[in-house]
């Protein structure tokens with residue numbers, strides 16, 4: 001059983017992580033997972049749990065928090081009539097399939113490989129946030145039929161490999177096909193639920209050695225509870241602050257920050 005001081009340190013770190021993730025989610029409209037995964041990694045590694053499967057714990061715990069925050073978000077967007085349920089229904093089966101495949105792949109990989117995946121995809125997302133243009137288009141409407149079946153599993157698969165919800169891949173996909181940004185953000189909140197729920201169910205059954213206290217499978221219950229509590233408190237603060245700042249400049253700044261975080265993940269993956 002870990003000593004009391006270590007538990008206090010762990011709890012304090014998780015409260016700070018949750019508070020920051022909540023503010024950024026409300027401020028920038030990005031899912032907390034893009035912040036939570038590296039934050040969990042550095043926190044747990046600093047406490048002495050830097051094992052070959054640590055990234056699985058970070059991904060799974062991040063996805064568990066996304067279940068709660070995404071449900072809350074999609075309900076709020078639904079009240080405003082912003083969710084495109086037709087897109088959500090058509091993409092849901094493929095996203096669920098991709099999420100399950102992502103969980104199976106992630107559970108079989110070591111931390112170094114998952115760090116490399118997070119780093120590479122994180123750089124791509126960060127560059128898109130920093131330099132992407134709202135005028136960019138791949139088509140005038142969302143892909144249907146075979147094309148839709150090709151896009152939706154990829155969103156679920158890549159999101160699970162990074163431990164994030166539907167926003168980072170879902171929003172760019174929808175806006176590139178002409179969906180208005182506010183409707184894309186609202187609909188991507190629904191993506192988060194159907195990405196996280198099946199993948200977390202699988203991660204709860206994974207066996208991992210050298211886990212932090214209060215871990216079931218690959219999900220750290222303590223981190224889940226504390227982070228969800230803090231994000232629910234601080235996300236509205238971030239949303240309020242967003243109305244007082246230049247959103248475009250903030251996204252560019254966060255994109256640059258994310259690239260730096262992703263590069264550091266790649267560095268650790270390469271053992272440098």
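The values are calculated or read from the model by the stated rules, or taken from the named source; none is laboratory data. Since this is a predicted model, take the numbers as computed values, not measurements. Cβ coordinates were reconstructed from backbone atoms using ideal geometry, including for glycine residues, and neighbour counts include every protein chain displayed.
The table that follows gives values for the structure above.
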item	result
Top-ranked residue in the stretch 222-246 [being without any contact (Cβ under 8 Å) to a residue 40 or more places away in the chain and surrounded by fewer than 16 Cβ atoms within 10 Å (Cβ to Cβ); ranked as farthest from the chain's Cα centre (by Cα)]	244
Sole residue being within 19 Å of the chain's Cα centre (by Cα) and closer than 18 Å to residue 255 by Cα, chosen from 152, 168	168
Matching entry among 134, 107 (being within 30 Å of residue 264 (Cβ to Cβ) and surrounded by fewer than 16 Cβ atoms within 10 Å (Cβ to Cβ))	134
Tabulated pairs, the stretch 252-272, first over 26 Å from residue 134 (Cβ atoms), second modelled with pLDDT under 85, C-beta under 9 angstrom, 6+ apart or interchain	266/272
Among the residues listed as 91, 40, the single one being crowded, with 24+ Cβ neighbours inside 10 Å, within 26 Å of residue 236 (Cβ to Cβ) and at pLDDT 90 or above	40
Filtered residue count, the stretch 139-150, keeping only those that are surrounded by 11 or more Cβ atoms within 10 Å (Cβ to Cβ) and under 18 Å from residue 181 (Cβ atoms)	1
Identity of the residue in the stretch 55-82, surrounded by 17 or more Cβ atoms within 10 Å (Cβ to Cβ) and farther than 22 Å from residue 160 by Cβ, that ends up nearest to the chain's Cα centre (by Cα)	77
Of all residues making up the stretch 111-154, the number that are in contact with a helix residue (DSSP H, G or I) (Cβ under 8 Å, 6 or more places away or on another chain) and not in a helix (DSSP H, G or I)	9
Cβ pairs under 6 Å, 6+ apart, first in the stretch 181-205 and on the phi > 0 side of the Ramachandran plot and touching a residue at least 60 places away in the same chain (Cβ under 8 Å), second crowded, with 24+ Cβ neighbours inside 10 Å and not in a loop (DSSP other than H, G, I, E, B)	none
